[in-house]
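Below is one structure, written out as structure tokens; the observations come after it.
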Amino acid sequence: MSNLRDLLGDIVADVDAIFLFSPSSSFYQDFADVEDTLVVVVAEENSVGADEFVELPLEFNDVASRVRFGVEGALDTDLIDEGAEIACATKTFDEDIDTVMRVKANNFSPSGVYGLFTDSRAEPAVIKAVLEVAIELGKKGQKGKPVGALFVVGDAGKVMNKSRPLSYNPFEKSHVHVGDPIVNVMLKEFSRLDGAFVISDSGKIVSAYRYLEPSAEGVDIPKGLGARHMAAGAITRDTNAIAVVLSESDGLVRAFKGGELILELDPEEY
Ligand SMILES: Nc1ncnc2c1ncn2[C@@H]1O[C@H](COP(=O)(O)OP(=O)(O)OP(=O)(O)O)[C@@H](O)[C@H]1O
Ligand SMILES: [Mn+2]
């Protein structure tokens, strides 16, 4: 006869690390002193003051994406090695941690999502701010109508060289940055018009209304996506920029880097 506790105990038996995803501080405190097991907190902010911490750029409402990001981040910062077995404790439906799963670090082939934030020309906070604008725009649309938008982030000089203006640039003489609430309103307003926004490594809005003219050679984006997505993928192959696209037709937010689709999010889930 076995009891439930013994059977389920196998899930956490002999793990090398426990990852706590956005734990409350009392939850974290209960785990902080577990002997012989590395405790890693994965969250948007290290509000519990954990020694071992991986910063989530977004809450990632999809649990698998969240876990994947945490594991990729811990591998990249050498908190764990590829052979590690990890117990992940995370929220799925409840406000508190309600889920525990066991994962092997070497079962993850890198998706590039971690590198999108930490290994791009633009600052992670800038990429995060742009994704947030795109998600918000996707949720609300522009005056209730679905709207598309294309943001090219980082390596702005080169991006400007590989594009041309479709109209006068409303950001010509301004020094405004993405993430500023007023600027986000402006970005949403200008998204009704054609072309791409160009944003610098540090988040300065360099231009709106740019028609991108990168070479599309060797760019392999999923079939069914149109010119906006092709231009987004291609500019990230031709320069060291990343691109964030909100699709007018399917409402999804996608991020491209190095000519490849790295991330796909549904704004409705955020
Ligand atoms: N090379 C480009 N540079 C900048 N903007 C572009 C470029 N090509 C297309 N766009 C913009 O994308 C808009 C939509 O084009 P299209 O429908 O072909 O793209 P899409 O990938 O299907 O995007 P969506 O899913 O939003 O429809 C165009 O109206 C234009 O504003
Ligand atoms: Mn289209």
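The values are calculated or read from the model by the stated rules, or taken from the named source; none is laboratory data. Treat the numbers as computed from the prediction; the structure is a model and nothing was measured. FYI the Cβ positions are ideal-geometry reconstructions off the backbone, even for glycines, and counts take in every protein chain you see. Quick note on the areas: whole protein, heavy atoms, side chains included, nothing else; ligands and nucleic acids left out. Shrake-Rupley method; radii C 1.70, N 1.55, O 1.52, S 1.80 Å.
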>> Please report the accessible area of Thr37 (heavy atoms, 1.4 Å probe, ligands and nucleic acids excluded) in Å², nearest 10.
In response: 40 Å²
>> Give me the percent relative contact order of the chain, please, defined on Cα pairs under 8 angstrom at least 6 residues apart.
In response: 16 percent
> Between Val40 and residues 5 or more places away or on another chain, which pairs have amide H atoms under 5 Å apart, with H built 1.01 Å from N, and which residues are they?
Replying inline: Ile18, Phe19, Leu20
> Which whole-angstrom value gives the distance between the alpha carbon centres of the range 84-136 and the range 1-55?
Replying inline: 17 Å
> Convex hull volume of the Cα atoms in the range 4-109, per residue, in Å³?
Replying inline: 108 Å³
> So, in Å, what gap is there between the alpha-carbon centers of the range 65-81 and the range 162-214?
Replying inline: 33 Å
> Counting only protein heavy atoms and using a 1.4 Å probe, what share of the accessible area of the chain belongs to carbon plus sulfur, as a whole percent?
Replying inline: 48 percent
> Where Lys and Arg each count +1 and Asp and Glu each count -1, what net charge lies around Arg66 among other residues with Cβ under 10 Å from its Cβ?
Replying inline: 0
> When only alpha-carbon atoms count, how far does the range 37-96 stretch along each of its three principal axes, as whole angstroms with the largest first?
Replying inline: 30, 24, 22
> Which is farthest toward the positive dipole end of the range 1-147 among Thr99, Asn3, Val48, measuring Cα position about the Cα centre, with Cβ charges +1 (Lys, Arg) and -1 (Asp, Glu)?
Replying inline: Thr99
>> Need one number: % antiparallel among DSSP beta bridges in the chain, to the nearest 5.
In response: 65 percent
>> Before I look further, what does the chain give for accessible area per residue, probe 1.4 Å, in whole square angstrom?
In response: 51 Å²
> Counting other Cβ atoms within 10 Å of each Cβ, which chymotrypsin sites (Phe, Trp or Tyr not before Pro) in the range 83-136 have at most 12 and sit in a DSSP loop?
Replying inline: Phe93
> Any idea what the relative contact order of the range 4-109 is, in percent, if you count C-alpha pairs under 8 Å spaced at least 6 apart?
Replying inline: 28 percent
>> Let's see if you can work this out: charge +1 on each Lys and Arg Cβ, -1 on each Asp and Glu Cβ, no other charges. What is the dipole magnitude of the range 115-269 about its Cα centre, in debye to the nearest 20?
In response: 440 debye
>> Counting only trypsin sites (Lys or Arg not before Pro) that sit in a DSSP loop (anything but H, G, I, E, B) with at most 10 other Cβ atoms within 10 Å, what is the longest stretch of the chain containing none of them?
In response: 1-142
> Based on the Kirkwood radius over alpha-carbon pairs, what is the Stokes-Einstein translational diffusion coefficient of the chain at 37 °C with 0.692 mPa s viscosity, in µm²/s?
Replying inline: 165 µm²/s
> Between exposed GluC sites (Glu not before Pro) in the chain, where DSSP calls loop and at most 12 other Cβ atoms lie within 10 Å, what's the longest gap?
Replying inline: 96-171
>> What are the equivalent ellipsoid semi-axes of the range 3-47, built from the alpha-carbon gyration tensor (square roots of five times its eigenvalues), in whole angstrom, biggest first?
In response: 22, 12, 10
> If you keep only loop residues by DSSP, which chymotrypsin sites (Phe, Trp or Tyr not before Pro) in the range 129-202 have at most 14 other Cβ atoms within 10 Å of their Cβ?
Replying inline: Tyr168
> Which of the residue pairs Lys91/Lys158; Lys128/Lys158; Lys104/Lys188; Lys173/Lys223 have a Cα-Cα distance greater than 30 Å in the structure shown?
Replying inline: Lys91/Lys158; Lys104/Lys188; Lys173/Lys223
